[in-house]
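Structure first, then comments.
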Amino acid sequence: MAGLEDLYREIILDHYRNPRNRGELEVPPATMAEGFNPLCGDEIQVYVEVRQGIISEVRLGGQGCSISQSSASMMSTAVIGKSTDGARDVMRDFKKMMSIHEDGLDGDATSGQTADRPGASGLGDLEALRGVVKFPVRIKCATLGWNTLDQVLDLLEVE
Amino acid sequence: MNTLSLDVAAIKAEFPLLQRQVYDQPIVYLDSGATSQKPQSVLDAMNQYYAEINANIHRGAYLIAEQATTAVENSRAALARFLGASVAEEIVFTKNATEAVNLVAHSWGRTNLREGDVVLLSTLEHHANIVPWQQLAADQGVEIRWIPITNEGRLDLTDLDALLDGVRLLAVTAASNVTGAMPPLRYLADAVHAVGAKILVDASQWSPHRPTDVAAWDADFVVLTAHKMCGPTGVGALWGRRDLLDAMPPFLGGGSMIQNVTFDGFTPAEVPTRFEAGTQPLAEIIGWHAAITFLEGLGLEAIAAHERDLTAYALRTLTERLGHDLTIHGPSSVEDRGGTLSLAYRDIHPHDLSQVLDQHGVCVRAGHHCTKPLMKVLGVNATTRASLYLYNDEADVDALADALFAAGEFFAF
């Protein structure tokens, strides 16, 4: 049975208490998208600035629960310094980790190809969010920032 | 000390789900505002329908079809009695309260409202009593106007006269699913009727908890749902004044709702069949009758008294135990207030709070409760909501207080 410690890992609480990259960026030159979780009313704004093909700055606005806030905070530190393609790679790995597999719904969830090899995904601190899949209702919290980043990257491609 | 007027231990024993454990502890179910649990008698009634008289109603000239028809029509009559309606034909079965509001908005609204007419809503409304009117507004050019709320989460009726200018319909909840406030319906009905308008009451959060009397309210339409009053999901009802229903066109078209169909068109059936297209949720309608029998067996006045006492106990206990760290979004007294407790505890997000409460077996709801305009006025994105019902007792409230305290420890920064 999944317990609270599976969900609220220390590093998650740290990012919740001390969120990284809070604030806004001027649009333009930055690009912004806004995301909503219709289940709980949480909202997030993701600002991304790209210079010479590299994500130079990310800022996060809005409010949400510890899972959505910490996931977005970790996301910001994970993608700064990466190319937009590199950011998409991280996003893909993260979403794979957040996908529920049928055999995992009994509360003993594992996910993705890397479940038995912590760290193998290259997600670093984001691995701490793996426990979220044991609480399926909270997956939308964990992915809110990422889906919003996805929108920003789509906007950047159009530009 | 237990001064509550219901034997809660005996009542709990009638609810199979309340016997189960979660995380190796007894379940503490405090989410009846979302849906109530069901007593064994309701489950039995639905099973019995399927096991003994399962047949489609009307037109079947065989014994079980007649028995099924009688059972469904008995349920209609029981619901009419329960609501204080004068005739059973004023009851239209729907899928839920939401569909009942949609029925009125689509049928009465599109027939009677013109560009420039005003539909008055309260800030306390559930999305179910907002969005159908916004759809109507978009299609017909109808204006939506809002009754504001006080700091205590009650309706602020100071400027009611001005708000009523041009109003053709007031759609208002009988009990808020967030603050628990119970607006003065008769006062509102009198004010609305004085300007020649109609009043629709959303009784979804009222009828499970207090005696309902549509005549005493002098309402024109009342909507409610079975699953919040110990009945099954999948069925609700519209009560409407007979003269209004008679003048309304059908909402959904299909089988059963017609008098005649030709190659050129159709003639609608009489009320209420006109509004009941297709096969109805028969087992659920019959299960609802069993729920009504269950509630009437306990007595709605006794249920109301129990909930008033328990709500007072909860307001007192939570405030004493958690002090200024706790905010309760709603009236601080139990007068005209239901047992709905929307909480904010420290700065812990409702999702996180409810997650910790869950580990203590305490089931509460976290979110905007389908009342986003109200959340905006309250200045929050979401709340944590505990809602009390007839099977809850002081121990359940104590468990909530304990679990909130534990959550505070867990998230102590």
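The values are calculated or read from the model by the stated rules, or taken from the named source; none is laboratory data. The structure presented is a predicted model; accordingly, all values stated were derived computationally and were not measured. Cβ atoms come from the backbone with ideal geometry, glycine included; neighbour counts cover every protein chain shown.
All of B:ARG168, B:ARG145, B:ARG114, B:ARG154 fail the test of being over 25 Å from B:ALA237 (Cβ atoms), in contact (Cβ under 8 Å) with a residue 40 or more places away in the chain and outside the structural domain of B:HIS329 (by TED's automatic domain parsing), apart from B:ARG154. Go through the residues of segment A:22-33 one by one and say whether even a single one is buried (at least 17 other Cβ atoms within 10 Å of the Cβ), farther than 18 Å from A:ILE80 by Cα, under 15 Å from the mean Cα position of the chain (by Cα) and of a type in the set (Gly, Ala, Ser). The answer is no; no qualifying residue exists.
Restricting A:GLY81, A:GLY86 to those that are more than 14 Å from chain B (Cβ to nearest Cβ), part of a loop (DSSP other than H, G, I, E, B) and small (Gly, Ala, Ser) reduces the list to A:GLY81. Among the residues of segment B:10-27, at least one is farther than 30 Å from B:HIS127 by Cβ, of a type outside the set (A, V, I, L, M), in contact with a Pro (Cβ under 9 Å, 6 or more places away or on another chain) and touching a residue at least 12 places away in the same chain (Cβ under 8 Å).
Every residue, every condition in (1) of a type in the set (Val, Ile, Thr); (2) over 18 Å from the mean Cα position of the chain (by Cα); (3) closer than 30 Å to B:ALA77 by Cα; (4) surrounded by fewer than 19 Cβ atoms within 10 Å (Cβ to Cβ), yes or no:
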| position | (1), (2), (3), (4) |
| --- | --- |
| B:ALA314 | no, yes, no, no |
| B:THR317 | yes, yes, no, yes |
| B:ARG321 | no, yes, no, yes |
| B:HIS329 | no, yes, no, no |
| B:HIS349 | no, yes, no, no |
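Within segment A:37-55, being more than 16 Å from A:ALA142 (Cβ to Cβ), crowded, with 16+ Cβ neighbours inside 10 Å and out of contact with any Asp or Glu (no Cβ under 8 Å at 6 or more places or on another chain) holds for A:GLY41, A:VAL50. Scanning segment A:1-55 for residues that are in a helix (DSSP H, G or I), among the aliphatic types (A, V, I, L, M) and within 13 Å of chain B (Cβ to nearest Cβ) returns A:LEU4, A:LEU7, A:ILE12, A:LEU13. Each residue in segment B:124-142 was checked for being surrounded by fewer than 23 Cβ atoms within 10 Å (Cβ to Cβ) and among the acidic types (Asp, Glu), and 1 pass.
Among the residues of segment A:119-138, just one is under 23 Å from A:GLY41 (Cα atoms), surrounded by fewer than 19 Cβ atoms within 10 Å (Cβ to Cβ) and either touching a Ser or Thr at 6+ places or on another chain (Cβ under 7 Å) or among the hydrophobic types (A, V, I, L, M, F, W, C) (or both), namely A:VAL137. Residues in segment A:56-72 that are away from chain B (no Cβ under 14 Å) and buried (at least 24 other Cβ atoms within 10 Å of the Cβ): A:VAL58 only.
The residue that is modelled with the highest pLDDT, among those in segment A:129-153 that are within 12 Å of another protein chain (Cβ to nearest Cβ) and under 25 Å from A:SER56 (Cα atoms), is A:LEU144.
Of note, B:ALA382 satisfies the criterion of being at pLDDT below 95 and touching an Asp or Glu at 6+ places or on another chain (Cβ under 8 Å).
Of all residues in segment B:256-281, those being part of a loop (DSSP other than H, G, I, E, B) and either under 25 Å from the mean Cα position of the chain (by Cα) or surrounded by 12 or more Cβ atoms within 10 Å (Cβ to Cβ) (or both) number 11.
Residues that are within 16 Å of B:ILE285 (Cβ to Cβ) and in a helix (DSSP H, G or I) within segment B:33-62 comprise B:SER41, B:VAL42, B:LEU43, B:ASP44, B:ALA45, B:MET46, B:ASN47, B:GLN48, B:TYR49, B:TYR50, B:GLU52, B:ILE53, listed in sequence order. Residues in segment B:292-301 that are surrounded by fewer than 16 Cβ atoms within 10 Å (Cβ to Cβ) and either part of a helix (DSSP H, G or I) or at pLDDT below 95 (or both): B:GLU296, B:GLY297, B:GLU301.
For segment B:240-272, the tally of residues that are under 23 Å from B:MET46 (Cβ atoms) and not small (Gly, Ala, Ser) stands at 1.
Looking across segment B:356-383, the residues that are over 24 Å from the mean Cα position of the chain (by Cα) and surrounded by fewer than 24 Cβ atoms within 10 Å (Cβ to Cβ) come down to B:VAL356, B:ASP358, B:GLN359, B:HIS360, B:GLY361, B:GLY379.
From the list B:HIS209, B:HIS227, the one residue that fits, being surrounded by 23 or more Cβ atoms within 10 Å (Cβ to Cβ), touching a Gly at 6+ places or on another chain (Cβ under 7 Å), in the same structural domain as B:ALA291 (by TED's automatic domain parsing) and part of a loop (DSSP other than H, G, I, E, B), is B:HIS209.
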